[in-house]
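Q: Just passing along the structure, written as structure tokens.
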Amino acid sequence: SPPPPAPPSPSPPPPSLPPTDFVSALVNLYSMTGGTSWHMNTNWLDGEPCVNQWRGITCCPDTHPQLAAGACIAHTGERHALSDPADTVPNGCSSGSVTGTSADAARCVVKSIDLAENNLVGSLNESMSALTSLQYLVVSGNQLYGELPAALSELPSIRRVQVYPNLGVAMNASH
């Protein structure tokens, strides 16, 4: 009798999506400031910043896009508590899809970057302009130098940029 047929080959995983502009901006921040030498770089470059909880990044669901008093706030005033750090995925950030299409993209926006006293060495550049939902940037106590990108002052949601003390950072716009 002939041998039984071989089981079908497993289907390949769906193709990866190209990174979004804000993911590219954060990857650029990591590479331009020596991310491999940061004191804390947990989960950086692993997956998606909002879903995989990149250290120092705070995200809010796009349905509640304002960060205030430890919660994400909807335009209606409804509050969405930030997830417990023990959660595997921040509340409301995962799309739940694994299709290789734009449906996989996280449904969150980067609201805060806090990398104070984390051994960042280098400079910030214009790629920061892709972080259009950013409200807070805290990079004090590092070894950053050069001028702050003008794009930071033009971000529509920016509320605070904290860079001092740092090694030779010049402000070229009012923040």
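Q: Is there any pair linking a residue in the stretch 14-30 that is open to solvent by 40 Å² or more (accessible area, probe 1.4 Å) and among the charged types (D, E, K, R) to one that is at pLDDT 90 or above and not in a helix (DSSP H, G or I), with Cβ under 9 Å and at least six apart or on different chains, and which?
A: Taking only residues 6 or more apart or on different chains, the pairs are ASP21/LEU131; ASP21/THR132.
Q: Across the stretch 51-64, what is the total count of residues that are modelled with pLDDT under 85 and open to solvent by less than 40 Å² (accessible area, probe 1.4 Å)?
A: Summing the residues that are modelled with pLDDT under 85 and open to solvent by less than 40 Å² (accessible area, probe 1.4 Å) in the stretch 51-64 gives 3.
Q: Condition (residue is open to solvent by 10 Å² or more (accessible area, probe 1.4 Å), closer than 17 Å to VAL27 by Cβ, within 19 Å of the chain's Cα centre (by Cα) and at pLDDT 85 or above) applied to the stretch 152-175: is it met by at least one residue?
A: no
Q: In addition: Looking only at the stretch 27-60, which residues are of a type in the set (Val, Ile, Thr) and assigned to a helix (DSSP H, G or I)?
A: VAL27, THR36
Q: For the stretch 148-157, enumerate the residues that are touching a helix residue (DSSP H, G or I) at 6+ places or on another chain (Cβ under 9 Å) and farther than 23 Å from THR36 by Cα.
A: If the condition is that a residue be touching a helix residue (DSSP H, G or I) at 6+ places or on another chain (Cβ under 9 Å) and farther than 23 Å from THR36 by Cα, then ALA150, ALA151, LEU152, GLU154, LEU155 are the ones that fit.
The values are calculated or read from the model by the stated rules, or taken from the named source; none is laboratory data. All of these numbers come straight from a predicted model, not from anything done at the bench. Ideal geometry is used to build each Cβ from the backbone, glycine not excepted, and the neighbour counts take in all protein chains shown. To get the accessible areas, we keep the full protein, side chains included, count just its heavy atoms, and leave off ligands, DNA and RNA. Shrake-Rupley method; radii C 1.70, N 1.55, O 1.52, S 1.80 Å.
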